[in-house]
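Notes follow the structure.
No lab work stands behind these numbers, since they all come straight from the coordinates. As the structure is a prediction and not an experimental result, all values here were calculated from the model. Cβ coordinates were reconstructed from backbone atoms using ideal geometry, including for glycine residues, and neighbour counts include every protein chain displayed.
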Amino acid sequence: MAEKPWDGRFAEKTDAAVEAFTSSIGIDRHLYDYDIDGSIAHCKMLAKASIITGEESLSLIGGLEEIRGEIKEGNFEFSDRLEDIHMHIENRLAAHVGSVSRKLHTARSRNDQVALDIRLYLRDKSRKIIYGLMQLRKVLVDMAGRYIDVVLPGYTHLQRAQPVLFSHHLMAYYEMFTRDTRRFEEGLERINVMPLGAAALAGTTYPIDRAYTASLLDFPKVSENSMDSVSDRDFIIEFLAAASLCMVHFSRFSEELVLWSSSEFKFIELSDAFSTGSSIMPQKKNPDVPELVRGKTGRVFGSLISVLTLMKSLPLAYNRDMQEDKPPLFDAVETLTACIDIYIRMLPNIKINPSQMADAVSTGYINATDMADFLVCRGMPFREAHGCVGKAVGYGLENKKELHELSLDELQSFSDLINEDIFQALTTRQMIERRKSYGGTSTDNVSAAIHRAEKQVVGEIKSITAQST
Ligand code: ARG
């Protein structure tokens, strides 16, 4: 057998530099399992459609399984001369099953084969990412339940704004990661479409049964148009867009962990097992894990931009450019998966410093809105109350006193609507508990949100576990 399946028309050998330049085996070797699964389904379909015999099919399948074992155990030789994983496996098949190996590629092209492989790969990885995000959401819900009594300042413009429950803050991330979960689930619908049978681009003359191949590989749909089947990479771009957004969420969370663990905030302490030291400054304990997660966000954005740019303006149908989809895709999958995993491990090990958070809530005129609300409840229009409290804040700043540290006389000098009930209204507890509007930070609201989320995510985890057993 000629070494390259396509070299029949070539009189000269490929230049070694060209082999090295065009080869993708260093990257797409990671697709071997999916490639073999796809080839086995293809063999079964060829036999069912009487394109090859049952005996030939069994022999091909046996050989493919042997090759799977060789690759798994590291007994397989990869070389640039054979370009990609598809050619490696097909070429090696001859050593296992002899000349029947030359029938494997009947009614198939590497163009539809690689489209199938990436879909199988991304379906598998998306499911793992979805499951990982569910576990992360469960960790968040558990933490939110555990710290329901802890209050910290909520910020706008990174200035202390109003007090919130720490659990409420954590549950904001629960919402973000829930939307991420849904985005990956929706993407999965478009990944889960079977392209094999498009062949090079136009379909095939053989009486293939695409629905049968799809059912063997557990695809609910076959692709509609053979040209689109081999040139569509939308599902990769959608995945990368969802991954980028998910990394945006991780980067925001990471930024907060970095800030909170600084001496300036001291709201949290990362456990020693999740921190590193400095080689020069003995006192340092650095938040490298959240910093790296924040940094890795750029890689995932880069992958999205790479594949968008790669696909832009490509004429139909397959173009070799598309081989460049795999490095950014694989890198983004690995990066995101690693970030999800490390967060699941790191979060439960964070030490919370509630007294430091409480101290931060007691200064910075964080109860100014509540003083305005107090006046509004007693009949003052909100804008007027805003101005009146603004004056009280100015007075407090001049006299180095917080609003709740002013005497009743001092407070009453700003409005005669004020009586001693004001002191109760300005306590942190009241500020939290009076924010009962749906989605607000009162303990009742947040407890109910945690309860709903717990039910939701435990249900999701259960249904995934039931599907996979
Ligand atoms: N290695 C190629 C890729 O990843 C497989 C398809 C090659 N097809 C071709 N006509 N050269 O895209």
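Could you derive backbone 3J(HN,Hα) for segment 424-436 from the dihedral phi with the Karplus parameters 6.51, -1.76 and 1.60 (θ = phi - 60°), listing whole Hz in sequence and x where the residue is Gly or Pro?
Listing the rounded values in order: 5, 5, 8, 6, 4, 4, 4, 4, 6, 5, 7, 8, 8 Hz.
Among the helices of the chain (complete DSSP H runs), which have Cα atoms covering no less than 30 Å along the helix axis and a Kyte-Doolittle mean of at least 1.0? Don't skip to the end; give the middle numbers.
Working: long enough: 110-146 (53 Å, -0.30); 166-191 (38 Å, -0.81); 234-260 (39 Å, 1.06); 288-311 (35 Å, 0.65); 443-468 (37 Å, -0.28).
Those that clear 30 Å and a mean of 1.0 are 234-260.
Mind checking segment 68-125 for chymotrypsin sites (Phe, Trp or Tyr not before Pro) that DSSP puts in a loop (not H, G, I, E or B) and that have at most 16 other Cβ atoms within 10 Å?
Details: sites: Phe76, Phe78, Tyr121; in loops: Phe76, Phe78.
Sites meeting the loop and neighbour criteria: Phe76, Phe78.
Which of the aspartates and glutamates could be linked to Lys296 by a straight reach, that is with a Cα gap under 18 Å, when you skip same-chain ones fewer than 8 residues away?
Asp180, Glu255, Glu256, Asp288, Asp331, Glu334, Asp341
Multiply the residue separation of Arg252 and Thr106 by 0.36 nm, subtract the distance between their alpha-carbon atoms, and state the gained length in nm to one decimal.
On the way: separation 146, 0.36 × 146 = 52.56 nm, distance 5.07 nm.
Going from the current span to full extension adds 47.5 nm.
Under unit Cβ charges (Lys, Arg +1; Asp, Glu -1), what dipole magnitude, rounded to 20 debye, does segment 329-398 have relative to its Cα centre? Walk me through the numbers before you get to the answer.
Numbers: 5 positive and 8 negative charges, 56 e Å.
So the dipole magnitude of segment 329-398 works out to roughly 260 debye.
If each DSSP helix of 4+ residues adds -39,500 (n - 2.57) and the sum is divided by the residues in the chain, what number results at 222 nm, nearest 500 deg cm²/dmol? Don't skip to the end; give the middle numbers.
Details: 19 runs with 286 residues, N = 469.
Theoretical 222 nm ellipticity from helices: -20000 deg cm²/dmol.
Compute the separation of the alpha-carbon centres of segment 51-81 and segment 228-290 and state it in Å as a whole number.
Each part reduced to its Cα centre gives a spacing of 41 Å.
State which stretch of the chain is the longest one without any exposed GluC sites (Glu not before Pro), exposure meaning a DSSP loop state and at most 13 other Cβ atoms within 10 Å. Kindly include the intermediate steps, with their values, before the conclusion.
On the way: sites that count: Glu3, Glu12, Glu73, Glu77, Glu224, Glu264, Glu420.
Counting at most 13 other Cβ atoms within 10 Å as exposed, the longest clean stretch of the chain is 265-419.
Tally the DSSP beta bridges in the chain and give the antiparallel ones as a percent, rounded to 5. Mind showing how you got there, number by number?
Working: 9 of 11 bridges.
Antiparallel bridges make up about 80 percent of those DSSP assigns within the chain.
Determine, from the Cβ-Cβ distance of Ala202 and Asn75 and an R0 of 41 Å, the FRET efficiency 1/(1 + (r/R0)^6), rounded to the nearest 0.05. Show your work: numbers first, answer last.
Working: r = 38 Å, r/R0 = 0.94.
With R0 = 41 Å, the Cβ-Cβ based efficiency is 0.60.
Only loop residues by DSSP count here, and only those with at most 11 other Cβ atoms within 10 Å; note down the chymotrypsin sites (Phe, Trp or Tyr not before Pro) in segment 1-68 that meet that. Can you show the working numbers first?
Working: sites: Trp6, Phe10, Phe21, Tyr32, Tyr34; in loops: Trp6, Phe10.
Listed in order of number, the matching sites are Trp6, Phe10.
Could you grab the relative contact order for segment 68-191? Cα pairs under 8 Å, six or more apart, rounded to a whole percent. Don't skip to the end; give the middle numbers.
Values: 79 pairs, mean separation 25.8, N = 124.
Averaging sequence separation for qualifying contacts and normalising by length gives 21 percent for segment 68-191.
Hey, got a sec? Which chymotrypsin sites (Phe, Trp or Tyr not before Pro) in segment 369-459 land in a DSSP loop and have at most 14 other Cβ atoms within 10 Å? Walk me through the numbers on the way to the answer.
Details: sites: Phe374, Phe382, Tyr395, Phe414, Phe423, Tyr438; in loops: Phe414, Tyr438.
Here the sparse-neighbourhood loop sites are Tyr438.
Using 0.36 nm per residue, how much length does the chain from Ser413 to Ala273 gain when fully extended, once their Cα-Cα distance is taken away? Please list the in-between numbers first.
Details: separation 140, 0.36 × 140 = 50.40 nm, distance 5.45 nm.
That works out to 44.9 nm of additional length.
Given H placed 1.01 Å from N in the peptide plane, which residues other than close sequence neighbours of Met194 have an amide H under 5 Å from its amide H?
Those lying under 5 Å, H to H, from Met194 are Lys221, Val222, Ser223.
Which lysines have a Cα lying under 19 Å from the Cα of Lys103, excluding residues fewer than 8 positions away in the same chain?
Once the sequence-local lysines are set aside, what remains near Lys103 is Lys4, Lys44, Lys48.
In percent, how large is the relative contact order of segment 342-469, given Cα pairs closer than 8 Å and 6 or more residues apart? Spell out each step's value before the answer.
Working: 79 pairs, mean separation 23.6, N = 128.
18 percent.
Calculate the dipole size of segment 149-227 relative to its Cα centre from +1 charges on Lys and Arg beta carbons and -1 charges on Asp and Glu beta carbons; express the result in debye to the nearest 20. Don't jump to the answer; show the numbers that get you there.
Working: 7 positive and 9 negative charges, 42 e Å.
Around 200 debye, computed over segment 149-227.
Just going by the charge dipole of segment 1-158, with Lys and Arg at +1 and Asp and Glu at -1 on Cβ, which of Ala144, Gly38, Ser50 is farthest out on the positive end?
So the residue furthest toward the plus end is Ala144.
Taking the Cβ-Cβ separation of Leu58 and Glu186 as r and a Förster radius of 51 Å, what is the calculated FRET efficiency to the nearest 0.05?
Working: r = 39 Å, r/R0 = 0.77.
Taking R0 as 51 Å, the efficiency between Leu58 and Glu186 is 0.85.
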